[in-house]
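Read the structure below first, then the notes.
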Number of protein chains: 2
Amino acid sequence: MSAFTLIRKDKFTSARSGKLTTIHGDIDTPCFMPVGTQATVKTLSPNDLNDCGVQIMLSNAYHLFLRPGMEVIRQSGGLHKFMGWNKPVLTDSGGFQIFSLALLRKISDKGVDFQSHIDGDRHFLTPENVVEIQRDLGSDIIMPLDECVHYPCTEDHARIAGERTFAWAKRSKDAKRQMIGEGSDKQKLFGIIQGGTYENLRKICAQQIIDLDFEGIALGGLSVGEPKDLMYNIARVVLEMLPSLKPRYMMGVGLPEDIIEAIDSGVDMFDCVAPTRYGRNGTAFTSKGKMTVRNALYIKDFRPLDAECDCYTCKNFTRSYLRHLFNTDELLGLRLVSLHNTYFYQGITRSSRNAIAKDEFKGFKKDFLGKYFSEECV
Amino acid sequence: MSAFTLIRKDKFTSARSGKLTTIHGDIDTPCFMPVGTQATVKTLSPNDLNDCGVQIMLSNAYHLFLRPGMEVIRQSGGLHKFMGWNKPVLTDSGGFQIFSLALLRKISDKGVDFQSHIDGDRHFLTPENVVEIQRDLGSDIIMPLDECVHYPCTEDHARIAGERTFAWAKRSKDAKRQMIGEGSDKQKLFGIIQGGTYENLRKICAQQIIDLDFEGIALGGLSVGEPKDLMYNIARVVLEMLPSLKPRYMMGVGLPEDIIEAIDSGVDMFDCVAPTRYGRNGTAFTSKGKMTVRNALYIKDFRPLDAECDCYTCKNFTRSYLRHLFNTDELLGLRLVSLHNTYFYQGITRSSRNAIAKDEFKGFKKDFLGKYFSEECV
């Protein structure tokens, strides 16, 4: 039985809804995964995530491998138990982090030798041990080690990284197949398509990953600094090639408008630090666009952040109070706006699913973006 | 009808239990008030406070007067609505803060002229306008402006401060009597006894405040740096003089052992920043004493902070996970330990009330302190 069921394709766009089955529960797609890099979605408790309607969260093998280390997580009974979250978890391999955070990195076909960005300790990660780490984390969805290039990047560099990502993808698949461990056969392994911003390379990478028959397919290396149009174009070129019966995950994307656009093109899964990072910086995402909570405009504004929102923050606190919390450097402010943003992001995917169910995604998208960019957000 | 009902006196100690009635609900005493200086108990939401069993919180007129300012709070419908808390609130006048934080302070019999510690703006606070500020905050319990001296302090200085506190107490009472405003007749005004560490002065101050017939009596100027024995002695001297039918509030106290000791001496109400300040610093209060969560001892300790605790933190997270959160500077750690500490403090007063109900406070105190200082906390 396939883990992914395509429930419906929207009649007028490429948007689709589906259901992804994991040992920790089903996930309705399109879905958005809040990011809990260090085994915590910053400022939010598992209860908060549940209250926001979060179905699956993302964590990061590289970070957890370094801190608290695999021995701690194994002995605590896996990542879910460690962090008190009993719904699905997808873990990124940390390829992206190795290439952006780690020190004195030496990459070879075998793997990556690097120094921890925390304490300088040397580590060697390979496609094989990265899969093992995620098996031990107990991740519902495992991402293979890949080489993610930044923008801009020469075609040669992007080609080499794409080839290595493919070679590593095969080895990850082999490692996963040979894996032994409680429930490890129920953990899903996705493939990642790299290729930079080069259409020709993306097509090659896509075909290679498609041929390997993973349980889901991810678009990596997007939203790494390239212009938005380029990102959307590359995504569309790849998406058109993908089999419809596999879930499609666009890694690290994005802002509300990016998510809506990508759902339109047929993407099923997203993750991004935006809701919590913006939340901690005092920016709220609302149906009428972004709001800078600290703005003096809101000193005596006794309305909620978003009149249409049913989150704990909007049901209980005013803009005036939230502004006061940011103005006085109170941690509750970071949390309440992160909570609202996380709820808002869940609303985007939930509303998209509802619209797809009625073949109304096109109208929903138009309304959402029209309102979101209406510049009426006061 | 008096707002305070003395329910029971313990047979073998001076401990007592009672009920204090306010417009926002009844408070069982002895009670502990978490501190929400800036209209938020640091890191905790009103829901969290409810989950901890908090019956009343404390806030601070001086801080709120400066930020967000009274116009914002008045327009938002009072402090309760502003911060989304519908249970009782006691506000300190901020006398203590004026003497510890404010700049270029000029004190006269009329009041205090000072510069805001935030923006340097000049303000003038008098016993009268401090009562008005708290009327407008909608505080259930109002504290008058007083002059709090630090330790050590000469007898002359303590005498002058005590005399001024008495003069201001009379004016506060007059101001309160003449006050007009919705529900202001139901707000309670407490008197504050100062007098430094001088028994003779404390006795004079106590008699003066007793004679003014406030709705509750506070012991101010304790826990300001003096040795513990001195604090306990001064408290006992004063407590023996107080009428039994008024609630007694020991301001700014304290650590768990201080609270137990003061309950033994007949105190009914407490406030202290300890549970949240220690929480943010990664120190948990447990039935077996204080615990430094970040300690390497706990790397693989999969027990809760306190096996006897039913708080959200202890029911869902291990020491290992909490240590990880502190180790990775994750804000959730600050919140989860603050939450536990706040719950633990409510447990101290709840258990005390239960013990008093059975004339067992003496045994409870012995058991609590024996365990708390057992040095078994691993």
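Scanning the range B:332-346 for residues that are free of Cβ contacts under 8 Å to residues at least 40 places away in the same chain and of a type in the set (Lys, Arg) yields no hits at all. Candidates are the residues of the range B:360-377 that are closer than 11 Å to B:Ser287 by Cα and among the aromatic types (Phe, Trp, Tyr); the one that is surrounded by the fewest Cβ atoms within 10 Å (Cβ to Cβ) is B:Phe373.
Annotation: B:Gly363 fulfils all but one of (1) over 30 Å from B:Val237 (Cα atoms); (2) outside any loop (DSSP other than H, G, I, E, B); (3) of a type outside the set (D, E, K, R); (4) over 17 Å from the mean Cα position of the chain (by Cα); the unmet one is (1). May I ask you to verify whether A:His117 is modelled with pLDDT under 95 and within 14 Å of chain B (Cβ to nearest Cβ)? Taking the combined requirement at face value, the residue satisfies it.
Of the strands (runs of 3 or more DSSP E) contained entirely in the range B:1-109, those carrying at least 2 residues that are within 14 Å of chain A (Cβ to nearest Cβ) and touching a strand residue (DSSP E or B) at 6+ places or on another chain (Cβ under 6 Å) fall at B:57-60. Given the condition over 21 Å from the mean Cα position of the chain (by Cα) and either among the acidic types (Asp, Glu) or more than 30 Å from A:Pro304 (Cβ to Cβ) (or both), answer yes or no: does some residue in the range B:72-93 qualify? So far as the range B:72-93 goes, no, none of its residues is over 21 Å from the mean Cα position of the chain (by Cα) and either among the acidic types (Asp, Glu) or more than 30 Å from A:Pro304 (Cβ to Cβ) (or both). Residues in the range A:282-333 that are within 14 Å of another protein chain (Cβ to nearest Cβ), assigned to a loop (DSSP other than H, G, I, E, B) and among the hydroxyl-bearing types (Ser, Thr, Tyr): A:Thr318, A:Thr328.
Selection of the range A:292-319 for residues being crowded, with 18+ Cβ neighbours inside 10 Å and β-branched (Val, Ile, Thr) yields A:Val293, A:Thr313, A:Thr318.
The number of residues in the range A:347-359 being in contact (Cβ under 8 Å) with a residue 24 or more places away in the chain and surrounded by fewer than 20 Cβ atoms within 10 Å (Cβ to Cβ) comes to 3.
The values are calculated or read from the model by the stated rules, or taken from the named source; none is laboratory data. Because the structure is predicted, anything quoted here is derived from the model rather than measured. Every residue, glycine among them, receives a Cβ derived from its backbone with ideal geometry; neighbour counts consider all protein chains shown.
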